[in-house]
1. So if we plug the beta-carbon distance of Gln86 and Glu123 into 1/(1 + (r/R0)^6) with R0 = 30 Å, what FRET efficiency do we get, rounded to 0.05?
2. Let me check something: with ligands and nucleic acids excluded, how do Arg60, Arg122, Arg164, Arg105 order by accessible area (1.4 Å probe), largest to smallest?
3. How far is it, in nm, from the label point at Arg161 to the one at Asn148 when both lie 7 Å from their Cα along the line to the Cβ?
4. Pop the C-beta distance of Glu53 and Arg131 into the FRET formula with R0 = 25 Å and round what comes out to the nearest 0.05.
5. Would you kindly find the accessible area of Asp158, with a 1.4 Å probe and non-protein molecules such as ligands, DNA and RNA excluded, rounding to the nearest 10 Å²?
6. Counting Lys and Arg as +1 and Asp and Glu as -1, each charge on the Cβ, what is the dipole of the chain about the Cα centre in debye, to the nearest 20?
7. May I ask you to list the GluC sites (Glu not before Pro) in the range 1-105 that are in a DSSP loop and have at most 13 other Cβ atoms within 10 Å of their Cβ?
8. In square angstrom, what is the accessible area per residue of the range 15-168 with a 1.4 angstrom probe?
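The values are calculated or read from the model by the stated rules, or taken from the named source; none is laboratory data. Just so we're clear, the structure is a prediction, and the values are computed from it rather than from any experiment. Heads up, the Cβs are rebuilt from the backbone with ideal geometry, glycines too, and the neighbour counts pull from every protein chain shown. Heavy atoms of the whole protein, side chains included, go into the accessibility calculation; ligands, DNA and RNA do not. Shrake-Rupley method; radii C 1.70, N 1.55, O 1.52, S 1.80 Å.
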Amino acid sequence: MSEGLEDILAERLAVIFCGINPGVMAAAQGHHFAGRGNRFWRTLHLAGFTSMEVRPENDRSILQYQCGLTAVVERPTARADQLSTQEFLAAAADFEGKIARYAPRCVAFLGKAAYSALSGQREVAWGLQARTFGNAAVWVLPNPSGRNRAFSQDQLVDAYRTLRLAAIDPAQ
């Protein structure tokens, strides 16, 4: 990715977590989910994706857990509502191509906004979606941003754990 926040991807991962766009703090530090109030890394650990809570500066270690990180829109903003529908639509083809190229089992959109814009669906339910994206199963999970207080830490963990149980083969 441009503007200081690179994708962390490899082929055939279990899950690619897809943020809406980089936060200003994450872009400035060059690490995903680096904002002080962001609950992503804690949620991932508590949901069983990682054996320990990863620090944002060690974000590349997520690959060892069969997971990757990207964002739909590259432009950093302080808040997701600073993005336009046009920005999502402009990013759609490249984003879908990226998912198809890396071929994860699942792509997990963090929040409804990006998936809604890309799919054209006005109403999006949480969890597994009926449609695929770039041949990957699509999950929509609550955004772990500290600004998203509609979901408690426990609710985030429950939603992410459901994805982990579906996406990570227990035999691996």
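1. Details: r = 21 Å, r/R0 = 0.70.
It comes out at approximately 0.90.
2. Details: Arg60 130, Arg122 215, Arg164 55, Arg105 100 Å².
Reading off the accessible areas and sorting them downward yields Arg122, Arg60, Arg105, Arg164.
3. Computed distance between label sites Arg161 and Asn148 equals 1.8 nm.
4. Working: r = 33 Å, r/R0 = 1.30.
E between Glu53 and Arg131, to the nearest 0.05, is 0.15.
5. Rounded to the nearest 10, the figure is 90 Å².
6. The calculation lands at about 340 debye.
7. Numbers: sites: Glu3, Glu6, Glu11, Glu53, Glu57, Glu74, Glu87, Glu96; in loops: Glu3, Glu6, Glu11, Glu53, Glu74.
Sites meeting the loop and neighbour criteria: Glu3, Glu11, Glu53.
8. Working: 7340 Å² over 154 residues.
Averaged over the residues of the range 15-168, the accessible area is 48 Å².
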